[in-house]
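Q: Questions regarding the structure given below will be posed in turn.
The values are calculated or read from the model by the stated rules, or taken from the named source; none is laboratory data. The shown structure was predicted, so the numbers you read here are calculated from the model rather than taken from an experiment. Neighbour counts run over all protein chains shown; Cβ positions are idealised from the backbone, glycine included.
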Amino acid sequence: MSTIFILWLRQLKRYVRSRGRVISSLAQPLLFLLAFGFGFSGVFRRAGAGNYIQFLAPGVIGMGVLFSGVFSGIELIWDKQFGFIKETLVAPVPRWVVMLGRTAGGASVALIQGILVILMCLIVGFRPHSIATLPLLLVYMGLVAVMFTALGTSIACIVADFQAFPLVMNFLVMPLFFLSGALFPLDQVPTAFKAIATINPLSYGIDGVRGALTGAWHFSPFTDVAVLVVLTAVLLAVGTRLFARIEA
Amino acid sequence: MAGPGAPARTAGGKRLIRTEHLTRRFGAICAVDDVSFEVAAGEIFAFLGPNGAGKTTTIRMLTTLLKPTSGTVLLDGLDIAREPHEVRRRFGIVFQDPSLDVELTARENMTIHAVLYGIPRAERAVRIERLLRQFDLWDRRDDFVKRFSGGMKRRLEIARSLLHTPRVIFLDEPTLGLDPQTRNQLWTHVRALNSQEGVTVFLTTHYMDEAERVAQRIAVIDHGRIVALDSPQELKRQTQAESLEDAFLRLTGTQIRDEQASGMDHMRQMARGFRRA
């Protein structure tokens, strides 16, 4: 449908034109990569766990996708009142179409961000173990992108004031990221930790990305895909429902 | 365009907008209480009221953004509750807060609107050009909207709202924050639209002098109820006021209406801060 396409295109144009946003949103993953990557590499190797940059890079890639997705979704809070979204709410277009267009656009942007982080990792010295798993990698990244764009959108539908944005970032997104196996292997952590990581959807995304890039799986490729597909579908459904109900 | 002496009821002309016992409650509060009125096709109709009177809520219900608790709204003969999408094709709206995408160009904003409203591809370019020229924006069609002045943005929003040739356009505080020259130009455009193309205009404003000059009939809402509905001249005569502003104050009292600032008001204040920068 041309409506979905034009809404998708709009998100992409906005992204491509905002050089400031592109650069600044890559800063955080880069910082993590360099600081943690080179900072902990000695300790990691001495613990017998190998090259930390190889381990960390997928985590940082996941970070890029996660943050970008949530941000794209949560932009809606501002958009709802002061932006373009009102146009779409009053147009003779079903809400689910608008939701799909937005989510596709936001997820595409998150995916591009993830790819840019991959390039950064390659520059810093990260090497994927094979090119054959590239399609699989994109599947995992894509699912994470869609899931968290839908999550960001869902939150934006519920919240009235964009003062909530830092709350969401600090109490939801950061914990999701830190407790996902992005920064450290999950087989050595305390039980409580492992339990949280197991119910954290991002863990499966990170594991999928790491598995596709380095061949190291904590769960399994099938578990990861299954969990991600189910959760993404659920979040999309929830997000669409919430979006259909908002009254501008 | 006829000025003074406009009829109090819409005896002539088709009833384009009709509300019957429109009511909206938010919990215990009744924001809009049994409101019934009509707007004739081809009219310029002003909807006035103090803060918190139920004005915005009413408009949101008229424009399908909010569901009434009870009562009906008919637009161009269609029931808003039953056929919201058909109704949406019939009206255009310029919101109080901007709804343009400032990171896109004027033309891109118009194109999105054309797609959203299902304007056939073959007609899009023609209509977009005609409207941008009509509102003196054609030269800036490929500029980013963020580089437009406030008045230009407002003109673009009006131009955009007309792309799908609506029967009526809703203007919610259209001249808020604009300088007198721009305001004058805007009303000239709107009046031309009304007189030459017969577009019905439903507006709200706090600028009473504008309402007086431009509107043929005015409804005043207060505490969720319509307290007066007549031409500006009649309202002044009934309240024995010199100006519409005086008449309005006599009808609604001079007490200041304080409201609780909602999250939305907070964001609006922040937006104003950004705008000045």
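Q: Being out of contact with any Gly (no Cβ under 9 Å at 6 or more places or on another chain), among the basic types (Lys, Arg), closer than 30 Å to B:Arg133 by Cβ and assigned to a helix (DSSP H, G or I) narrows it down to one residue among B:Arg250, B:Arg183, B:Arg191; which is it?
A: One residue alone meets the criteria, B:Arg191.
Q: Quickly run through the stretch B:159-192 and pick out the residues that are over 14 Å from the mean Cα position of the chain (by Cα) and either under 18 Å from B:Leu16 (Cα atoms) or hydroxyl-bearing (Ser, Thr, Tyr) (or both).
A: Listed by number, the residues that qualify are B:His164, B:Thr165, B:Thr182, B:Thr188.
This table checks each residue for (1) part of a helix (DSSP H, G or I); (2) on the phi > 0 side of the Ramachandran plot; (3) surrounded by fewer than 15 Cβ atoms within 10 Å (Cβ to Cβ); (4) touching a strand residue (DSSP E or B) at 6+ places or on another chain (Cβ under 9 Å).
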residue: B:Arg130; (1), (2), (3), (4): yes, no, yes, no
residue: B:Lys146; (1), (2), (3), (4): yes, no, yes, no
residue: B:Gly151; (1), (2), (3), (4): yes, no, no, no
residue: B:His164; (1), (2), (3), (4): no, no, no, yes
residue: B:Leu171; (1), (2), (3), (4): no, no, no, yes
residue: B:Gln196; (1), (2), (3), (4): yes, no, yes, no
residue: B:His206; (1), (2), (3), (4): no, no, no, yes
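Q: Among the candidates A:Phe71, A:Phe44, which residue alone is buried (at least 21 other Cβ atoms within 10 Å of the Cβ), closer than 23 Å to A:Val144 by Cα, away from chain B (no Cβ under 13 Å) and of a type in the set (Phe, Trp, Tyr)?
A: Only one candidate qualifies: A:Phe71.
Q: Does any residue in the stretch B:18-37 that is at positive phi come within less than 9 Å, Cβ to Cβ, of a residue that is among the charged types (D, E, K, R) and modelled with pLDDT of 90 or more six or more places away or on a different chain, and which pairs are these?
A: Within 9 Å, the pairs are B:His21/B:Asp34; B:Asp34/B:Arg225.
Q: Only one residue in B:Thr72, B:Thr63 is within 14 Å of another protein chain (Cβ to nearest Cβ) and either free of Cβ contacts under 8 Å to residues at least 40 places away in the same chain or on the phi < 0 side of the Ramachandran plot (or both), so which one is that?
A: Going through B:Thr72, B:Thr63 in turn, just one is within 14 Å of another protein chain (Cβ to nearest Cβ) and either free of Cβ contacts under 8 Å to residues at least 40 places away in the same chain or on the phi < 0 side of the Ramachandran plot (or both): B:Thr63.
Q: Kindly list, by first and then second residue, each pair from a residue in the stretch B:88-114 that is at the interface with another protein chain (Cβ under 7 Å from one of its Cβ atoms) and farther than 23 Å from B:Asn194 by Cβ to a residue that is in a strand (DSSP E or B) and not aliphatic (A, V, I, L, M), limited to pairs with Cβ atoms under 8 Å and residues at least 6 apart or on different chains.
A: Qualifying pairs under 8 Å: B:Glu103/B:Phe144; B:Leu104/B:Phe144.
Q: Only residues in the stretch A:226-241 that are farther than 16 Å from A:Met141 by Cα count as the first member; pair them with residues that are surrounded by 15 or more Cβ atoms within 10 Å (Cβ to Cβ) and basic (Lys, Arg), Cβ under 8 angstrom, at least 6 apart or cross-chain, and list the lot.
A: As it stands, the answer is A:Thr240/A:Arg95, since those pairs meet every condition given.
Q: Any residue in the stretch A:162-175 that is within 14 Å of chain B (Cβ to nearest Cβ) sitting within a Cβ distance under 7 Å of a residue that is surrounded by 14 or more Cβ atoms within 10 Å (Cβ to Cβ) and of a type in the set (Lys, Arg)? List the pairs, counting only those 6 or more apart or interchain.
A: Pairs found: none.
Q: Scan the stretch B:211-223 for residues that are assigned to a helix (DSSP H, G or I) and in contact with a Lys or Arg (Cβ under 7 Å, 6 or more places away or on another chain) and jot them down.
A: Once the filter is applied, which keeps residues that are assigned to a helix (DSSP H, G or I) and in contact with a Lys or Arg (Cβ under 7 Å, 6 or more places away or on another chain), the stretch B:211-223 yields only B:Val214.
Q: Does the stretch A:21-40 contain at least one residue that is within 11 Å of chain B (Cβ to nearest Cβ) and assigned to a helix (DSSP H, G or I)?
A: Within the stretch A:21-40, one or more residues are within 11 Å of chain B (Cβ to nearest Cβ) and assigned to a helix (DSSP H, G or I).
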